[in-house]
Every structure is written in C-alpha cells, then in structure tokens.
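These notes concern the structure reproduced below.
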Amino acid sequence: MTIETRVSADGLNFNQFGKRYRKVDGDEKVTGRAVFGADFTAQGSLFAKIVRSPHAHARILSIDTSEAEAMPGVETVCTAADFPSEVSGDVDTGEVEIGIQFLANLIMGRRKALFEGHPVAAVAATDIHIAEEAAKLVKVEYDVLPAVTDPIEAMSPEAPLLHEGLIATSLSGSADQPSNIAGHMEGGKGDVEKGFAESDVVIERTFKTALVHQGYIEPEAETVHWRADGHMDVWANSQGSFPLRQNMSNLLGIDVSKIKVIPLEVGGAFGAKNTPRVTPVAAILSRKSGKPVKIVLNREEVLKATGPASGAVVTVKMGATKDGILKAAQSRLVFGAGGFPGSPVLRGMQTIFACYQPEHSKVDAYDVVTNAPRVAAYRAPGATVATFCGESTLDELASAIGYDPMDFRIKNASKTGDSNVDDEEYTRIGIVEMLEQVKKSDEYNRPLKPSKNGWPVGRGVGIGWWPCGIEISSARVMVNHDGGVDVSIGAVDLHGIRTGTAQVAAETLGIEPNEVNVHTADTEGITYTGNAAGSRITRTLSQAVFKAGSSVISQMKEKMAVRFGVDAEFVEYEDGHFYARDNQDSKVSFKEAGSAVTKNGSNIIATASNDPGMRPANGYAMSIADVEVDPETGKIQLMDFTIFQDVGKCVNPTQVENQMQGGAVQGIGWALSEEYVYDDQGLMRNASFLDYRMPTALDLPMIGTVILETPADDGAFGIRGVGEPPIIAPPAAIANAVHDATGARMTSLPMSPERVFAAMNGSS
C-alpha cells in the first residue's frame, strides 16, 4: 500500500530516511533459518514442565515430589523451597511494575496459589514427554478458597483477601486495614465541581472491559545453563537482555557479572515478555541437575498463566458549555492487576484525558489484585482501555451540545507546553495539526458506502496519546578492513530494529544501508540497554548510533589528515567522501578511507548511549472506522479503517506501515471479540485460540495508513516512536461508529453481537 506523508518534517532532508528498505532479517525468517527461543536447544539439555495450580485461589498445604523424582528419565524437581527465601533489589519488567518479592512468588507459589496456572513445582527430564508425565505425579494438597476475578467485587470488604498483609498506599497515606486494593493514585487540576456547575451539559458513563492477551505466536521459551563454575548462560526470547540479567541476579542471588544473556529471535511479545516468568525456574533446575534446562510453554499455559492486559471498570464524567468549551473532566479507573499488585492504571490515568485540556480535571486510579493471571504490559498498557472510555464520553458530549465531534476535539486539544493530569509538561506536540489533517482528509470526508445487506452504517473517530519512552540504549559502530561498517546494538529486535538501525547508521555516515551490518549483541558484547518497550527503541537507539557514528567520522578525519598532509580541522566529510578543504580533487570515499585506515592497524570504533536527559516524545494516532451493524444479531462488520499517526520522522515507511496496521488490528480485536471468560470459580473457559477469538484477515478490511511528521524536539532526528499509539484508539473509533450507525452507546468491551444487540434494544 502506498503511504502518503502529508506533513513534512520541518523541511529537513535526509538521504536514507523515508525509503523502503527490505528487512535485513526477512530472508532468514521466511526461510526458517532464524533461531527463535523455541528453536534453540543447548547440547545435553533437559526439558522441563511446570506443575500449575488447577485452582484460582487456594492455600498450598503440602507438595510431594517423590513419585515424580523416582520416574526413569527424571533428573530433578524444584519447588519454592529451592529458591532464595529472601530477595531484594529493583525489578525491571517494562511499563507494568512489580515488587521483587511479589515477582518471586509469581514465579513459584509459596503459601498460596493466586490464579489458575500459578506455578507450584517443576520437573526436568531427558525428554519433554517424560517431564509431562512426571509432572502429573507431583502431588499437591490444596485448601481451596473463594475466588474473585472482577476488580470492583475485589474491592469489597466482603471479598476474599488475596494477600493478608497488603495495605493500600496513596498520596494521602496508607490504609488502616489489609484489602485487595494495592494502590490509589490521584491527579488533576482546578475544581471539577465548579467546572461541572459551569457546564451546560454533563455526561457520565461507566465502562467495563475484559482481560485480553497479546496473542504472540511464539510462547515463552528459555534455556538456562547454570554452570559448575557459578556462571550462567541464558538463551532468551525476552524483550530485554540486560533487564533480564539484572532480574535474574536479584531473584537468584548471583552476581550480574556471572550472567550472560544471549538474545534469540522473538516470535512476538508486545510487552508481555518483559517479565521473567520461566527463566528463573529453568535456572534452579539447571543448578540442581548441572545441565542446561529448556522450558517452552504451550498455548494453554500462555493464556492461563502469563500476563494479559488488565480488565477494568472506568467511570467518566465530562461537562462542556454550548460554545464548545470542555469545562471539566473526571474519571475513576479501577484496574485489575491479577494475583499480584502492579496494573498499568497509572498509564491509564495519564492517557485518559491526555489529548485535551479541560479547565478542571480530576482522576482517581485504583490498582486492585484479583484471582487472575498477574497482568503484563500490552502495547500502550492502560491507554487503550482509558481512551475507549474517554473518547466515547467526549464524542457523546460533543453531540449533546450540538458540536461537530472533530471541531470539539480541535477546540480543546492539547498543545506544546500544556500539561497532563500528573503535571508533566508536554514537549513538542502536534495533536491539533493531526486533527486538522484528519478533518480535511478524503478518508474522513468521503461518503459512507451503503451496506450491501441494507444494514445501518456509521463512521467514528478516536485519538490516543502515548508518552513514547526513554531509558538507555547503546550502540557500537566499528569500521572493518574492507571499509564496511559493523553496528552492535544492545536492543532486542522485535520489529525490524536492525533494518532501521542500518538506515540510521547509513544516514549518519553518509553511506548506503547495504554497507552496514547490524547485529544484536549479548550482554558481554555491548553496554547496558533497557527493555524493548514503550515505543522508545528507535528513538533512543538512533541517538546512540548517531553519537557513535559521529565519533567514527571524527576518528577517520584524524587519520585522513595524515594522508592529506593537513591538520584534522581542515578535513571535510560530505556525501560519503573525505577531502582536504582546499583540495576538492582529494576526495576519498568512506569505504576506501575505512579500508586504508584499518589495514594500517588503526582501530576505528566508538560506543555511545543516548542522552540521559531525553524526555518522552509524545506519540499519538487517530483512527477512522466505518462499520455496518446487523440489526437482527448485533454483529459489527468493519467496512473501512484508516489510521493516522505522527511518527516525528519516518525512517522506513514499510516498517512504520506494518507497525501501524499491526497495532490497529490488535485494537480491533480488543474492540470486537477478544476477552478472557471466567466461571464463578475463577477458572478460564476459553484458553485456546479456538475459543479465544482473535481477528483474522477474513474479518478485516485493508487497514489504510497515513504518516504525519512533526519532529520531536530532542533526539538525533526528531523520531517519536511508532509501536504503541496505533492500538490505542481503534475501540473508541469503532464504538463511536456503532453509535453513528445505530444510536446505541457501547460501554463494554468487547462489543460482541450479544452486547450490541442488547444496547440497540435498550437493555444492558
């Protein structure tokens, strides 16, 4: 599909950016040569199976592993007793935080099982089938307790208590009694009651969303060898080699310097593979057996026992005057965290009103534990849920005051220098520009296609914001003897990072991307790099590559000065050539210069990281959805879908397009069909892709994409980040389209045919 970049990046000209280079790892992946976590098996590996609780909430009374240990082929067994009883240190699990003691108990249950699938033991054997049979022989005695999966029900004083010592914390101090409320956060400005009193129209709605899964193809798959010399090798499909190393150090009491993490290809992650759920288990089994241990989860384990996105209950109240002024906005967000504290409710709080500037605002956010799998990040964690609720209410409010929904958004949109509910000031932001582009676009103004079935049709929009992250990224640039360039990066490649990095290096050095070889280094081969998360990697890594590449050019100028017989300050570098300032005929290409310099024994190499003072880059995207709705069943059929996104500066349009389309499809699945279904005992009833319904190509139209460029005001090239924003707005856009078609306001996700039919017929 052709992408049109409708707003240029301040007239900046680049040689390599904006070009559609093929992914450097594409051939290996489509031919099956790429080695993913599940593909790798170390020589002499054992294979492990985790024993999991069949109950959503139960005390663990005893564990008997003797029969499993006696089975031929079984080499070792572990339980929580084999792990350190005391752990300390910080934990890095991306945008969804968890305390280290909670993480240790998540990895292997000690006194309680807090969700169906909670690990309680593990078996390592010479064959995976032996391990599976031996796992069935582990006898666990449980005292089954009542379970609660709804976060609102979990807040009740009568709800079963998951953690006896959990005391809620807030800005106003700690609670007096234990509860399932782990935390309470507040933010806002002004006086919302005054704002509502001054409003001509006030709308209040309560929304409910379900847990959904990231739906990655490759499950968690890790191999660990804890060697006899005390050193550990980890072959990982994690999103961050260095955070994994640190987490393993803190959880197992082993020095960071003794852990080597070797990144493998990652078959999808979307935030979920920041949490080390199986790696520590493989490590303990390896230490006890003296052999490498491999663990690969199956699909049922992934769905039941890894980290889905939070389910939530959100109340939104907004007030406006008839002349289109958003006077007040208030929200109460209750996010389920699963069995242990740390939902992304803070991000939900930050994003729910982020695109607008109500005169008065107030947000209360609650983090609540439930008997569900402990949640993980999922592509803009917290933002999709919050935006669905906020944008639906805003759209309804605009209609109620008789204002065009786009004009209402433009009039109240956030601008550079405005602040969020947490008082974080926005760096350069182009939401107004995006809204104006969308309003005049063909995609927004073209007539709605009539339904072939005669069903009602409608169009809806939604916009979402994400604070594209920062953290440290590192890169090393080295010139080879043939004049080619090697670039080593510490970031795990999830979505074409190596391709984009080759373009950034080529842009910096004035050469072609095919002259750059990029590879992901292990933790001994490069300096620290954080998780590939938060739409931060391309932005931060590009600055690291730029700094290292600039140092390489400076070094080569020093060397070429000798050849030219001038001081280094008189050596110029333009269009991929070195030359003496006063002698244009002296031009030498980068490749020729690099070959000559390195063959003379000089090492041209530089390592750099991005500036620690970088600020979030404000990413945002807008969706336009056209739908038809079957009045007899409530089925929503998506007819057209377009996503607009401001990426700051587009490095590779093909990869940007893929990210936008992929995020949009995940948001569409969240909107229409995906949800965890639990029974009254807290047991998941749809733990397979046959029953957990993700959209396929047959469910979707072609996803149109429009790239906008308003460069961020720091970083090397003004890049904002792409991965997070596309998933945020689709549910809101589809819900608003359904209202346009039927007059029914949808307040629950997914918008299943049953729910749509009920809303159309006036029932909840």
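The values are calculated or read from the model by the stated rules, or taken from the named source; none is laboratory data. No experiment lies behind these values; they were computed from the predicted model shown. Every residue, glycine among them, receives a Cβ derived from its backbone with ideal geometry; neighbour counts consider all protein chains shown.
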Hits in the range 478-505 (condition: of a type in the set (A, V, I, L, M) and assigned to a loop (DSSP other than H, G, I, E, B)): Ala491, Val492, Leu494
Hits in the range 328-356 (condition: surrounded by fewer than 24 Cβ atoms within 10 Å (Cβ to Cβ) and basic (Lys, Arg)): Arg332
Among the candidates Gly530, Gly525, Gly619, single out the residue that is within 30 Å of Asp493 (Cα to Cα) and surrounded by fewer than 18 Cβ atoms within 10 Å (Cβ to Cβ). Gly525
With respect to Ile410, determine if the residue is out of contact with any Ser or Thr (no Cβ under 9 Å at 6 or more places or on another chain), of a type in the set (A, V, I, L, M, F, W, C) and under 19 Å from Phe644 (Cα atoms). yes
Going through the range 140-159 in order, the residues found to be part of a loop (DSSP other than H, G, I, E, B) and either within 21 Å of Val120 (Cα to Cα) or free of Cβ contacts under 8 Å to residues at least 40 places away in the same chain (or both) are Leu145, Pro146, Ala147, Val148, Thr149, Ser156, Pro157, Glu158, Ala159
Tally time: how many residues in the range 94-141 are over 15 Å from Thr76 (Cα atoms), among the acidic types (Asp, Glu) and in contact with a Gly (Cβ under 7 Å, 6 or more places away or on another chain)? 3
Whether any residue in the range 710-729 is over 24 Å from Ile497 (Cβ atoms), touching a residue at least 60 places away in the same chain (Cβ under 8 Å) and either surrounded by 19 or more Cβ atoms within 10 Å (Cβ to Cβ) or hydrophobic (A, V, I, L, M, F, W, C) (or both) is what I want to check. yes
Selection count, the range 322-338, where residues are over 14 Å from Glu204 (Cβ atoms), in a strand (DSSP E or B) and in contact with a Lys or Arg (Cβ under 7 Å, 6 or more places away or on another chain): 2
Those residues of the range 651-687 which are of a type in the set (Val, Ile, Thr) and closer than 30 Å to Pro54 by Cβ, in sequence order: Val677
Pick from Ala121, Ala154, Ala131, Ala159: which is of a type in the set (A, V, I, L, M, F, W, C), modelled with pLDDT of 95 or more, over 29 Å from the mean Cα position of the chain (by Cα) and more than 30 Å from Ala282 (Cβ to Cβ)? Ala159
Check whether at least one residue in the range 536-550 is at pLDDT below 95 and in contact with a strand residue (DSSP E or B) (Cβ under 7 Å, 6 or more places away or on another chain), and report yes or no. no
Selected residue [assigned to a helix (DSSP H, G or I), surrounded by 21 or more Cβ atoms within 10 Å (Cβ to Cβ) and touching a residue at least 40 places away in the same chain (Cβ under 8 Å)] from Ala386, Ala475: Ala386
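Every residue, every condition in (1) in contact with a strand residue (DSSP E or B) (Cβ under 7 Å, 6 or more places away or on another chain); (2) more than 28 Å from Gly319 (Cβ to Cβ); (3) part of a strand (DSSP E or B), yes or no:
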position	(1), (2), (3)
Asp176	no, yes, no
Ala182	yes, yes, yes
Gly187	yes, no, yes
Gly195	yes, no, no
Ser199	yes, no, no
Ile203	yes, no, yes
Thr206	yes, no, yes
Condition check for Thr393: at negative phi, part of a helix (DSSP H, G or I) and touching a Ser or Thr at 6+ places or on another chain (Cβ under 8 Å): no
Which listed residue is modelled with pLDDT of 95 or more and crowded, with 24+ Cβ neighbours inside 10 Å, from Ile254, Ile284: Ile284
How many of the residues making up the range 562-576 are within 18 Å of Leu509 (Cα to Cα), surrounded by 16 or more Cβ atoms within 10 Å (Cβ to Cβ) and free of Cβ contacts under 8 Å to residues at least 60 places away in the same chain? 2
Long-range neighbours under 6 Å by Cβ, at least six apart or interchain, first residue more than 24 Å from Ile707 (Cβ to Cβ) within the range 18-33, second outside any helix (DSSP H, G or I) and of a type in the set (A, V, I, L, M, F, W, C): Glu28/Ala34
Inspect all residues belonging to the range 708-727 and state whether any of them is in contact with an Asp or Glu (Cβ under 7 Å, 6 or more places away or on another chain), at pLDDT 95 or above, assigned to a loop (DSSP other than H, G, I, E, B) and of a type in the set (Lys, Arg). no
Given the residues Val647, Val597, Val656, Val665, which is the only one that is farther than 30 Å from Arg539 by Cβ and of a type in the set (A, V, I, L, M)? Val597
Is it true that Glu507 is outside the structural domain of Ser551 (by TED's automatic domain parsing) and either closer than 30 Å to Met556 by Cβ or at pLDDT 95 or above (or both)? no
I'm trying to understand the selection: among the residues of the range 161-202, which are surrounded by 14 or more Cβ atoms within 10 Å (Cβ to Cβ), without any contact (Cβ under 8 Å) to a residue 24 or more places away in the chain and of a type in the set (Ser, Thr, Tyr)? Thr169, Ser170
Hey, among Val144, Val148, Val192, which residue is farther than 16 Å from Ala372 by Cα and among the β-branched types (Val, Ile, Thr)? Val192
Go through (1) under 19 Å from Thr538 (Cβ atoms); (2) free of Cβ contacts under 8 Å to residues at least 24 places away in the same chain one by one and return the number of the condition Ser488 breaks. (2)
Residue match in the range 231-241 (condition: under 23 Å from Pro341 (Cβ atoms) and surrounded by fewer than 22 Cβ atoms within 10 Å (Cβ to Cβ)): no
Say whether the condition of being over 30 Å from Gln437 (Cβ atoms) and touching a strand residue (DSSP E or B) at 6+ places or on another chain (Cβ under 8 Å) is met by at least one residue in the range 679-701. yes
The range 1-58 - residue that is polar (S, T, N, Q) and not in a loop (DSSP other than H, G, I, E, B) and, of those, modelled with the highest pLDDT: Thr31
Would you please name the residue that is farthest from Cys355 (Cα to Cα), looking only at residues in the range 613-664 that are modelled with pLDDT under 95 and among the basic types (Lys, Arg)? Lys649
Expected single match for touching a residue at least 24 places away in the same chain (Cβ under 8 Å) and surrounded by 24 or more Cβ atoms within 10 Å (Cβ to Cβ) among Gln645, Gln655 is Gln645
